[in-house]
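K.L.:
Have a look at this one before I ask anything.
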Amino acid sequence: MTKPILYTCARSRGLRATWAAEEAEVDIDLRILPFPPRYLAPDYLALNPLGTVPMLVDGEAKMTESCAIAHYLATREGHTDLAIAPGARDYAEYCDFTYHADATITFPQTVYMRFCLFEKDKGLEEAGRSYAKWFHKRLVKVEQRLEGREYLCADRFTVADICVGYALILAENIGLDEGVPQTLKDYRARLTARPAFQRAFAREEAGRLALESAG
Ligand SMILES: N[C@@H](CCC(=O)N[C@@H](CS)C(=O)NCC(=O)O)C(=O)O
C-alpha cells in the first residue's frame, strides 16, 4: 500500500484527518501548507483546483472532504472500532453525525469567520454575527444526543466524535465559545485529552512552526 499524503493547514478542518490518522495509526505523509493556500501556495491549485484543505492523496484517489477523509483513514485497511459497521447498533447515527459535523455545524462557523474575522472590511459583520447565533442554535442536536452519553455512538469513541469535536474546537479558536453549552465543553475536554489528539495537534504545530521559520 502507498503512503497517503495529507495536505492541510494547521488547525484547519484537516485536523479531523490528522487526528483520525493518529487514532487509526495510519502512517501519513503530513504536508502543512500556509493559510490560505490559494494565495500563499498557488502551486497547490494544480493538485486541488478548489484550493481547499484538507486533501488526501492515496494512490490514484484524491479526497477533499475532511469528514470523509477521517472515516476513510479509520477504515482504509478494514473495519476498526473507530467506525460503526453497517447493521451494527447506531450505524445510522454514526453516518448522520459524521455528515452533520461539517454540513450543518461547521458551515455557519465558516460564514461567521469570513464576515467577522477575515473580511471585516466588507461591512457584513451583522450577517456574520447572525450565522454565529445560528451555529449556537444548531448545537442542540449534539447536546441532546449527549444527554446520558459520553460519546455520540455505540458507547465508544468514533470518527463521529472526531468530526463533531473539531467543530467545538474551532468554536473555541474563533471566539465563539460563549454560546457553547458546558456539557459540550466537557465533551470537548474529554476528546482533546486523548493522546492521539495531542499527537495530531503537535504534528500540525510542528509543521506550522517549520513553515514560519522557513519564511
Ligand atoms: N467541506 C470541506 C471544506 C474544506 C474547506 O473549505 N476548508 C477551508 C479550511 S478549514 C479552506 O480550505 N479554506 C481556504 C479557501 O477556501 O481558500 C471539508 O470539510 O474539508
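K.L.:
Is it true that some residue in the range 71-79 is within 16 Å of the ligand (Cβ to nearest atom), hydroxyl-bearing (Ser, Thr, Tyr), crowded, with 17+ Cβ neighbours inside 10 Å and assigned to a helix (DSSP H, G or I)? Can you show your working first?
P.N.:
First pass over the range 71-79, keeping only residues within 16 Å of the ligand (Cβ to nearest atom): 71-74.
In the following step, the residues that additionally are hydroxyl-bearing (Ser, Thr, Tyr) were identified as 72.
With the extra rule that they be crowded, with 17+ Cβ neighbours inside 10 Å, the set shrinks to 72.
Filter once more, keeping what is assigned to a helix (DSSP H, G or I): 72.
Checked the range 71-79: at least one residue is within 16 Å of the ligand (Cβ to nearest atom), hydroxyl-bearing (Ser, Thr, Tyr), crowded, with 17+ Cβ neighbours inside 10 Å and assigned to a helix (DSSP H, G or I).
K.L.:
Output the number of the condition that ARG129 fails; it satisfies all remaining conditions of (1) open to solvent by 70 Å² or more (accessible area, probe 1.4 Å); (2) closer than 28 Å to ASP81 by Cα.
P.N.:
With (1) open to solvent by 70 Å² or more (accessible area, probe 1.4 Å); (2) closer than 28 Å to ASP81 by Cα applied to ARG129, the lone miss is (2).
K.L.:
Does HIS100 satisfy being at pLDDT 95 or above, of a type outside the set (Val, Ile, Thr) and not assigned by TED's automatic domain parsing to the domain that holds ARG13?
P.N.:
yes
K.L.:
If you go through the range 32-64, how many residues are away from the ligand (no atom under 14 Å from the Cβ), open to solvent by 50 Å² or more (accessible area, probe 1.4 Å) and part of a strand (DSSP E or B)?
P.N.:
Total meeting the criteria: 0.
K.L.:
Let me spell it out: the conditions are (1) of a type in the set (Val, Ile, Thr); (2) more than 15 Å from the ligand (Cβ to nearest atom); (3) in contact with a Ser or Thr (Cβ under 8 Å, 6 or more places away or on another chain); (4) open to solvent by 30 Å² or more (accessible area, probe 1.4 Å), and ILE84 meets all of them except one. Which number is the exception?
P.N.:
Of everything listed in (1) of a type in the set (Val, Ile, Thr); (2) more than 15 Å from the ligand (Cβ to nearest atom); (3) in contact with a Ser or Thr (Cβ under 8 Å, 6 or more places away or on another chain); (4) open to solvent by 30 Å² or more (accessible area, probe 1.4 Å), ILE84 misses just condition (4).
The values are calculated or read from the model by the stated rules, or taken from the named source; none is laboratory data. Computed from a predicted structure; not experimentally measured. Because the Cβ atoms are built from the backbone with ideal geometry, glycine has one as well, and the counts that use them run over all protein chains shown. We work out accessible area using only protein heavy atoms, side chains counted, and drop any ligands, DNA or RNA first. Shrake-Rupley method; radii C 1.70, N 1.55, O 1.52, S 1.80 Å.
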